[in-house]
Amino acid sequence: MAGPEGHADARIVALSAVRNEAPYLLEWIAWHRILGVEEIVIASNDCEDGTERLLDALAAAAEVTHLARGACLKAAGARTKGVQWQGLRLLWQQPARKRADWVLISDVDEFPVIHAGGGRFADLFAALPGGGADTDAIALPWRLFGSAGARTIEDTPVTARFLRSAPAGLIHPICATFFKTLFRPRAFAKPGVHRPKRREGGAAALWRDGSGQALAPLYAENDARLSLLGIADPRRLVELHHYSLRSAEAFLVKALRGLPNRTGKAIDLSYWVERNYNSVGNTAALALQPALQAEIARLMALPDVGRLHREGLAWHRATAARALQGRAGYGLYCDILHAADSAVLPEAEARRLLVLFGALREG
């Protein structure tokens, strides 16, 4: 289904839906810019920390397109799903998506790290078989990053601060095998949080993993599959660093916010333990830090941007401090400090638990 055009000048668009992410926005935007993203469209919802004001300032400088909550709700129609789904529906309707060669839908705690060439998207495309001319979608495997014992909220890029992660071959918990998708929008009917939905009756899309290996037709035909479990070595060219915890205090703020696409699932100690892997040193993101710091500085110098970033940071610190004064926040904070690092299970035990998990889902 893919076309023959080259990738050196491919138009890449990043889409995201956010809530209360003011201290982290500039790094995420800057990272995607230096990787080669042409346009960034962000939908915001019910922000209390100044995220929407910061996005408005960035939009005024033509750095992003900002879709505020009112527009999201108007586009959502019957609100049967979470706010992230409402945002995705609106993001998919935007002109930026319609003129994109490639689209990446991800969250502000997710950063593509490309191991090919100079670490840009153009290097990834060039490293794919045939230059990626036949490729419709690339599954970017998650790499879970733990807190590495960090407790406070700092004004430091997460890609430079958190340098310990899960090992590459972690298979349990199952979320360690999840992915997000870089894809050609014309090959798919509509977006999804982890993967786009296929076109009914159309030609099967050609999927590749993060090593450039062609994935089985199941990925073209079954929109429900979110895991790369069973795929050997799927991240040689690219993976998605997932900083879902950050520090202990940052996690308290996230717990208050809740999940944007899973309103019935709590962010609690089990969520922390499922993701706090500090098993191996991981410095892959450091290679781009000089370029990242320069781009962040450029954004900070734009009218109002630096001030609004600092105000958002102060809000998050104050919110964490207030949470620690309540029983629930204090209890969660103590629990995550005592929990320390999550353990990588022996492979045999991990596989046994996956079998049990499969049986639970069927029962």
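Remarks
- Taking 7 Å steps out from each Cα toward its Cβ at residue 34 and residue 93 produces label points 3.6 nm apart.
- Residue-normalised accessible area of the range 90-172, given per residue in Å² at a 1.4 Å probe: 32 Å²
- For the pair residue 302 and residue 133, a Förster radius of 30 Å applied to the C-beta separation gives a FRET efficiency near 0.20, rounded to the nearest 0.05.
- For the range 152-297, the Cα-based Rg and Dmax, in that order, read 17.3, 51 Å.
- Partners for residue 254 among aspartates and glutamates (Cα-Cα distance below 16 Å; same-chain residues under 8 apart left out): 21, 46, 48, 49, 107, 109, 110, 154, 268, 274, 335
- For the range 232-356, the solvent-accessible area works out to 50 Å² per residue, with a probe of 1.4 Å and every protein chain left in place.
- Value at 222 nm in deg cm²/dmol, rounded to 500, when DSSP H runs of n ≥ 4 in the chain each add -39,500 (n - 2.57): -11000 deg cm²/dmol
- Overall, the ratio between the Cα radius of gyration of the range 236-363 and 2.2 N^0.38 Å, rounded to two decimals, is 1.35.
- Computed over the alpha-carbon atoms, the chain gives an Rg to Rh ratio of 0.94, Rh here being the Kirkwood radius from the mean inverse distance.
- The portion of the accessible surface of the range 116-205 made up by carbon and sulfur, rounded to a whole percent, is 51 (1.4 Å probe; DNA, RNA and ligands excluded).
The values are calculated or read from the model by the stated rules, or taken from the named source; none is laboratory data. Just so it is clear, the model here is predicted, and its values are computed rather than measured. When we count neighbours, we look across all protein chains shown, and the Cβ atoms used for this are built from the backbone with ideal geometry, even at glycine. Remember, those area values only see protein heavy atoms, side chains included, never the ligands or the DNA or RNA. Shrake-Rupley method; radii C 1.70, N 1.55, O 1.52, S 1.80 Å.
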